[in-house]
Structure formats: C-alpha cells, structure tokens
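Data first, discussion second: the structure below is written as structure tokens.
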Amino acid sequence: MSGELILVVDDEVNVSEVVSLYLAREGFRVATARDGPAALEEAARQRPSLIVLDLMLPGLDGLEITRRLRGEGAVPIIMLTARSQEADRIRGLETGADDYVVKPFSPQELVARVKAVLRRATPQPDDDAQRPLIHGDFQIDPLTRSVVIAERSRELTAKEFDLLLFMARHPRQVFTRAQLLENVWGFSEFVDPSTVTVHIRRLREKVESNPAEPQMLQTVWGVGYRFEPRT
C-alpha cells in the first residue's frame, strides 16, 4: 500500500494540509486540488489510487465531480461532508462515492478509512480468495474485479464490488446492516447504516433484471440482506 497516490480535494487549506501530512506519514504520496475543475484535471493527469473529496467546492461540487469520474472509471472516492448535510451524504453515495467522513473528523480515522478502502480494492495473493465465483450465468472475478451476468459486463464502484463479492462468498447467509458495515467497510461504529441501504439499492439497479423485485440481493425484513445464487 505504501507509495500509492492519494488525491486530496478540499478548498480549506488547513484541512488539506493536515490530511496530506497524516497520509504522507503513512507512506502515501499525496496530490492536492482546491476546486472542482482542478480536481478533474489532477485526477486525469495523475491517475490516483483513491480520492478524498470535499462535498462543497468552488467551481464544481463533489457530487458533480463524482458523476464525471464515475463516467471514466472506478477510482475509489471518500467524500468529506458537514454534519448538517445528511441528505447530501446519501446523494453522494447514490452518485458513486464509496465512503464518507463527517467534518470535523479525526485524521487518524480518515487514514484508516483510506487504508480499508484500498485494501479491499487491491487484489490479494491468496489463490483461493482470487478464484472467480460462478453462480449460473453470474460470475464475479476478484482478481480483475469484474462482474459478468448473462454475458454482460457490469460496471461497479469499488465499494459496490466489495459488497457484492462479500455477499456472493456467503450465499444465502443473512447479514444485518451492522455486519455488512463491519465486514465491507470495516467501521461499523463510524458509518451510518443507511450507507448499506444506498449501496444495495445501487447494486440492484446494476445487477438485477428487475430492481423492484430483486432475485439475487434479497431483503430479509427486520433482519438485513442475503445473496441468493442464480441457477
């Protein structure tokens, strides 16, 4: 993980400097941008491994930046939001952000989030863990981080892929939102459970034939969710 490039986008100089300092201490390379257009330019030029992105920015806000980045690839995005912006946090997740951190935040917590997102987005050498999972015409390949259903490739964000892979590895097992947060995000005590709801909804829109009547990502009312294999 050491040496990976993180792009920090925030118009507050103090926030940007503190985040950059803590990331550099952990061995990351850091690039910064102060506004929306500069963020897109730096992302295109430097191809970062992950982007820490403030929601409120001059020029273009974090939501619009996320939309544009999602049209070009699946770079992980952690969004920074204010406590009063709960609706915007949900919109950020729906737009394609992988995680969010609420201001004011602990720099150590943010660094831990960065590490967790990158760890799950980076293929591991364990041969068994990297074998493709196949359920009927559904295939998910951990090594290439690709999903194919009925011979059609599906474009997922990093966190959507992590969530789908985790559930597919435990077919028919029911998970609460807290369990999914702990196993996929790694920070159940810091993340709003609605994060899971948003990601499940986005996944259904991408992998289900009829998202209103999901066959794979099923809701177990009053408990949580389970993955039902395709046959």
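Relative to the present Cα-Cα distance, how much length would full extension add between residue 197 and residue 143 at 0.36 nm per residue of separation?
Length difference between fully extended and current span is 16.8 nm.
Mind checking which aspartates and glutamates have their Cα closer than 17 Å to the Cα of residue 103? Skip sequence neighbours fewer than 8 apart in that chain.
The qualifying aspartates and glutamates are 10, 11, 12, 17, 54, 61, 86, 88, 189, 192.
Amide H neighbours of residue 77 under 5 Å, at least 5 residues apart or on other chains, H built in the peptide plane: list them.
51, 98, 99
Scanning the chain for GluC sites (Glu not before Pro) in DSSP loops with at most 10 other Cβ atoms within 10 Å, what's the longest stretch left with none?
Between exposed loop sites, the widest span is 73-150.
Could you give the size of the charge dipole of the chain about its Cα centre, using +1 on the Cβ of each K and R and -1 on the Cβ of each D and E, expressed in debye and rounded to the nearest 20?
That gives the chain a dipole magnitude of about 420 debye.
Taking +1 at the Cβ of each Lys and Arg and -1 at the Cβ of each Asp and Glu, which of 8, 27, 39 sits farthest along the dipole of the range 5-121 towards its positive end, judged by Cα position relative to the Cα centre?
Farthest towards the positive end: 27.
How large is ³J(HN,Hα), in whole Hz, for each residue of the range 177-182 in order, when computed from phi with the Karplus curve 6.51 cos²θ - 1.76 cosθ + 1.60 and θ = phi - 60°, using x for Gly and Pro?
4, 5, 5, 5, 4, 5
On C-alpha positions alone, give me the angle between the axis of helix 86-95 and the longest principal axis of the chain, in degrees, nearest 10.
Between helix and principal axis, roughly 60 degrees.
Going out from 0 in 5 Å bins, what whole percent of all Cα-Cα distances in the chain drops into each bin?
Going out from 0 Å in 5 Å bins, the chain shows 1, 6, 15, 19, 20, 17, 11, 7, 4, 1, 0 percent.
Read phi for every residue in the range 8-19 and hand back ³J(HN,Hα) as whole Hz from Karplus 6.51 cos²θ - 1.76 cosθ + 1.60, θ = phi - 60°, with x for Gly and Pro.
Karplus values, whole Hz, x for Gly and Pro: 9, 10, 7, 7, 8, 4, 4, 5, 4, 5, 5, 4.
At a Förster radius of 30 Å, what calculated FRET efficiency corresponds to the Cβ-Cβ distance of residue 230 and residue 56, to the nearest 0.05? Mind showing how you got there, number by number?
Numbers: r = 42 Å, r/R0 = 1.38.
That gives a FRET efficiency of 0.10.
Could you state the angle between the C-alpha long axis of helix 107-121 and the longest principal axis of the C-alpha atoms of the chain, as a value from 0 to 90 degrees rounded to the nearest 10?
40 degrees
Assigning unit charges at the beta carbon (Lys, Arg +1; Asp, Glu -1) and nothing else, what dipole magnitude in debye, to the nearest 20, does the range 49-108 show about its Cα centre?
60 debye
How long, wide and thick is the range 128-227, going by the Cα atoms along their three principal axes, in whole angstroms, largest first?
37, 30, 22
Taking H placed 1.01 Å from N in the peptide plane, check which residues at least 5 places from residue 31 or on another chain put their amide H under 5 Å from its amide H.
Amide H to amide H, under 5 Å and 5 or more residues apart or across chains, residue 31 pairs with 6, 7, 8.
Note the angle between two axes, namely the Cα long axis of helix 194-207 and the longest principal axis of the Cα atoms of the chain, as a number of degrees from 0 to 90, rounded to the nearest 10.
Once rounded, the angle reads 60 degrees.
Just tell me which lysines come within less than 16 Å, Cα to Cα, of residue 159; anything on the same chain fewer than 8 places away is out.
115, 206
Sort 8, 174, 198, 101 by Cβ crowding within 10 Å, fewest neighbours at the top.
With the sparsest Cβ surroundings first, the list reads 174, 198, 101, 8.
Where a number appears in this text, it was derived from the coordinates with a stated rule and is not lab data. Quick caveat, the model's predicted, so the values are computed rather than measured. Glycine also receives a Cβ, built like all others from the backbone with ideal geometry; neighbour counts cover every protein chain displayed.
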